[in-house]
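Read the structure below first, then the notes.
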Amino acid sequence: MNFAAESHVDRSILDSGPFVQTNIVGTQVLLDCCRLHGVPRYVQVSTDEVYGSLGDDGMFTEETPLAPNSPYSASKTAADLLVRAYFHTFGFPAVTTRCSNNYGPYQFPEKLIPLFISNALQNQPLPVYGTGLNVRDWIHVLDHCRGIDAALRRGRAGEVYNFGGNCELTNLDLTYALLEALGKPRSLIKYVADRPGHDHRYAIDATKAKRELEWEPKVLFRQGLKQTVDWYLANQSWVGSIRSGEYRSYYEQQYGRK
Ligand SMILES: NC(=O)c1ccc[n+]([C@@H]2O[C@H](COP(=O)([O-])OP(=O)(O)OC[C@H]3O[C@@H](n4cnc5c(N)ncnc54)[C@H](O)[C@@H]3O)[C@@H](O)[C@H]2O)c1
């Protein structure tokens, strides 16, 4: 199962080089190694971002044309196409999964939910991009992992499976929910310049995963979010150890001037 990636869109906008190296070349190296050693099943952990952006209606299915908009999603798409080519050319037994936005414990503090929890706990501003009306479909990390496990065991080689949380929220509604869970005021919200090329909306149709893998998301968002907030409250030292060093200079570069 290839989880390894450079995964943060904002970092890919600052410098796409490591994304090309890890996400594309890294996948090619793994595919060749696995083929050489006769690995019986390979799972490529991909993302719904390969489909690009939706308007206010519709959902991504596995048939939606690939149309990545960020260097991150472009590199993940290139990796998906290599996986597809290895299946068609060599009969390599690969399955690809495409999931929506994850949340949960141990998420790296640069991602939106842990970033906002940590900032709010320190009464620092929560930097919301643009109008805050971009929509994401949130899924608990354990539901994503159960999906990957199902794809590993029951997925058909050469196929793609979408996973989503049935939980579309604007970034602003998500921020309100976080502030409420933390007992912090909405006045901490600070609107900052939008992310360049910011996708408007992602929404996943996971009918195929339900039909073929008997997979469905189980964690209710309100419960999952409360557990996640509680986890970050109990693990501030873990967060603190990451928010120093290289992370601090990244944060300054990303948000310092906004
Ligand atoms: N987080 C999400 O919302 C989400 C949604 C859909 C898909 N995904 C995919 O799930 C996977 C994991 O995402 P995440 O959110 O845990 O990201 P993450 O950045 O927290 O973790 C990625 C991991 O890959 C490792 N890695 C990076 N470069 C490597 C290299 N060259 N060699 C070996 N290891 C390397 C990192 O050390 C890290 O442990 C990624 O492939 C990502 O594209 C994530």
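Let's see how each residue does on (1) in contact with a Leu (Cβ under 6 Å, 6 or more places away or on another chain); (2) buried (at least 17 other Cβ atoms within 10 Å of the Cβ):
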residue: L112; (1), (2): no, yes
residue: Q122; (1), (2): no, no
residue: L126; (1), (2): yes, yes
residue: L152; (1), (2): no, no
residue: G155; (1), (2): no, yes
residue: C167; (1), (2): no, yes
Report task. Name the one entry in S70, S46, S75 that is touching a Gly at 6+ places or on another chain (Cβ under 7 Å), within 23 Å of Y202 (Cα to Cα) and crowded, with 21+ Cβ neighbours inside 10 Å. Result -> S70
Requested in this report: Go through segment 228-258 residue by residue and tally those that are out of contact with any strand residue (DSSP E or B) (no Cβ under 8 Å at 6 or more places or on another chain), touching a residue at least 60 places away in the same chain (Cβ under 8 Å) and among the polar types (S, T, N, Q).
Outcome: 4
**Report entry** Subset tally (residues that are more than 10 Å from the ligand (Cβ to nearest atom) and crowded, with 19+ Cβ neighbours inside 10 Å) for segment 27-37
**Finding:** 1
Query raised in the report: Does Y106 qualify as being aromatic (F, W, Y) and crowded, with 22+ Cβ neighbours inside 10 Å?
Result: no
Query raised in the report: So N162 fits all but one of (1) without any contact (Cβ under 8 Å) to a residue 60 or more places away in the chain; (2) of a type outside the set (K, R); (3) buried (at least 18 other Cβ atoms within 10 Å of the Cβ); what number is the exception?
Result: (1)
Requested in this report: With respect to P114, determine if the residue is in contact with a Lys or Arg (Cβ under 6 Å, 6 or more places away or on another chain) and either within 15 Å of the ligand (Cβ to nearest atom) or not in a helix (DSSP H, G or I) (or both).
Outcome: no
Requested in this report: Name the one entry in V50, V29, V20, V45 that is of a type outside the set (S, T, Y) and under 16 Å from G197 (Cα atoms).
Outcome: V50
Report task. Given the conditions (1) more than 15 Å from the ligand (Cβ to nearest atom); (2) without any contact (Cβ under 8 Å) to a residue 40 or more places away in the chain; (3) touching a Lys or Arg at 6+ places or on another chain (Cβ under 8 Å), report the number of the one that D56 does not fulfil. Result -> (2)
Report task. Collect the residues in segment 92-133 that are among the small types (G, A, S) and modelled with pLDDT of 95 or more, keeping them in residue-number order. Result -> A94, S100, G104, A120, G130, G132
Requested in this report: Inspect segment 192-211 for any residue being over 23 Å from E49 (Cα atoms), modelled with pLDDT of 95 or more and surrounded by fewer than 18 Cβ atoms within 10 Å (Cβ to Cβ) and give the result as yes or no.
Outcome: no
Query - Checklist (1) within 14 Å of the ligand (Cβ to nearest atom); (2) surrounded by fewer than 16 Cβ atoms within 10 Å (Cβ to Cβ) applied to P40, failing item - result: (1)
Report task. Could you please find all residues in segment 3-22 being within 7 Å of the ligand (Cβ to nearest atom) and outside any helix (DSSP H, G or I)? Result -> F3, A4, A5, E6, S7, H8
Requested in this report: Check every one of the helices (runs of 4 or more DSSP H) wholly within segment 171-258 and list those with 2 or more residues that are in contact with a helix residue (DSSP H, G or I) (Cβ under 8 Å, 6 or more places away or on another chain) and closer than 30 Å to D57 by Cα.
Outcome: 171-182, 207-213, 221-234
Report summary line: Restricting attention to segment 84-109, the residues that are within 8 Å of the ligand (Cβ to nearest atom) and over 24 Å from T207 (Cβ atoms) number exactly 2
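The values are calculated or read from the model by the stated rules, or taken from the named source; none is laboratory data. Here the structure is a predicted model, which is why all the values come from computation and not from measurement. As a convention, Cβ positions derive from the backbone with ideal geometry for all residues, glycine included, and neighbour counts pool all protein chains shown.
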